[in-house]
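Taking it in order: structure first as C-alpha cells, then the write-up.
Derivation of every value follows stated rules applied to the coordinates shown; laboratory data play no part. Keep in mind the model is a prediction, meaning the values are calculated, not measured. Positions of Cβ are backbone-derived with ideal geometry, glycine not excepted, and every protein chain shown enters the neighbour counts.
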Amino acid sequence: MVHTVAQPGILAPTPRVGRYLFFTLSQADAVRAALQRLAHLVDGSRVVVGLGLGTVQALDASVPGLQAFPQWDAAVALPSTPTALWCWLRGDDAGDLVLASRQLALAAAPAFALTQVVEGFRHGQGPNGHGRDLTGYEDGTENPCDDAAQAAALVVDAGTGLVGGSFAALQQWQHDWDAFERMVPAAQDAMIGRRRSDNEELGDAPESAHVKRTAQESFTPEAFVLRRSMPWAEGMRSGLMFAAFGCSFDAFEAQLRRMAGLEDGVVDALFQMSRPVTGAYVWCPPLRDGRLDLRAVGL
C-alpha cells in the first residue's frame, strides 16, 4: 500500500504543537552530505521534510511535477518565496520541538541556512473534530478521509523513490485583526460561507465566500488536497500556516487561481482580512526502511 511508504505525518491529524523550519541553499556542494545526515534523523512522523526545486537541481536531479511557486498577475498579492528545505516538526511539547530544531539545523549546515521559523499550534476543536483558525472557524472541514485522503495527497503511479511522495504547497497567511473585528458576525460568516457557531454552510453565501471559491468538487477535474494547516503567532502578529499536500500541484493551483479571481474575476472574500506573506512548493520524499528515501535525487 502506498501509504506505508509515505511520511506518516502527512496523513496523521495535526499535532498539538508544530514548528516549521524554512532553509535557504547556502553551499550547493555540501547538499549531498547534508541530506544523507538528515535522512538518518527524519522518520517522517515527528518531522516531515520537503525539498525545494533548487535543492533537487543542485543535485543535478529532477522530480517530475516539482516546480517553482507560481507568479501570477492577479488582483491580490501572492508572494513567491522559494525554500530549499522545509521541516515540519510535530509533537505535544514545544520545548522538544525547539531542541529538535537545533539538531536538524546543525545536520543541515553548511549546505542549508535556517532563515525562518514559524511556531504553530492547535486551537480549539470544531464540530467536526478539526482544529479552529484563530478567527474561530473550523479549518479542514472538507478534507478527504481515508482512501480519498491518500489519493489526494500521495503519488501512486511513478518510478523508484517517487511512489508515496507528496507535493506540499505552503503559505503563511497573516490576519488583519482590525479588518476582521470591524465586520459584524453575519458579515464574518458570509466571508467564510459557514456559520462559526455550528460550522454549517450558508445556503445564501455570496460567490466570493471562501467555501464557494475553494469547493473542491466544483472544479473540473475535482481539485482535492489534504490540508494540514495550523494557526501561528509571533508577538502580536498571527494567522494561519497553510499547508496542502497533493499528488501534484494541480489541485492547489486550481483553487488558488479561483481565489485570486483569475478564473472568473471574483476574488475570495478571505483577502478582506488575511493575506499570504510567503509561498513555496516542496516535494516530500517517501520513506524506505523508516527513513527518507532519496533515491529519486541520486542518494
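Here are some notes:
- Restricted to segment 1-77, the set of helices (runs of 4 or more DSSP H) holding at least 1 residues that are closer than 22 Å to PHE249 by Cα comprises 8-11, 53-58.
- If you go through segment 129-170 and pick out every residue that is among the polar types (S, T, N, Q) and in contact with a strand residue (DSSP E or B) (Cβ under 6 Å, 6 or more places away or on another chain), you end up with 2.
- Hits in segment 99-115 (condition: within 19 Å of the chain's Cα centre (by Cα) and loosely packed, with under 15 Cβ neighbours inside 10 Å): THR115
- Boolean, GLN71 is touching a Ser or Thr at 6+ places or on another chain (Cβ under 7 Å) and loosely packed, with under 15 Cβ neighbours inside 10 Å: yes
- Selection of segment 124-176 for residues being of a type in the set (D, E, K, R) and either outside any strand (DSSP E or B) or crowded, with 20+ Cβ neighbours inside 10 Å (or both) yields ASP133, GLU138, ASP139, GLU142, ASP146, ASP147, ASP157, ASP176.
- Taken over segment 226-278, the residue count meeting the criterion of being touching a strand residue (DSSP E or B) at 6+ places or on another chain (Cβ under 7 Å), of a type in the set (Lys, Arg) and more than 23 Å from GLN7 (Cβ to Cβ) is 2.
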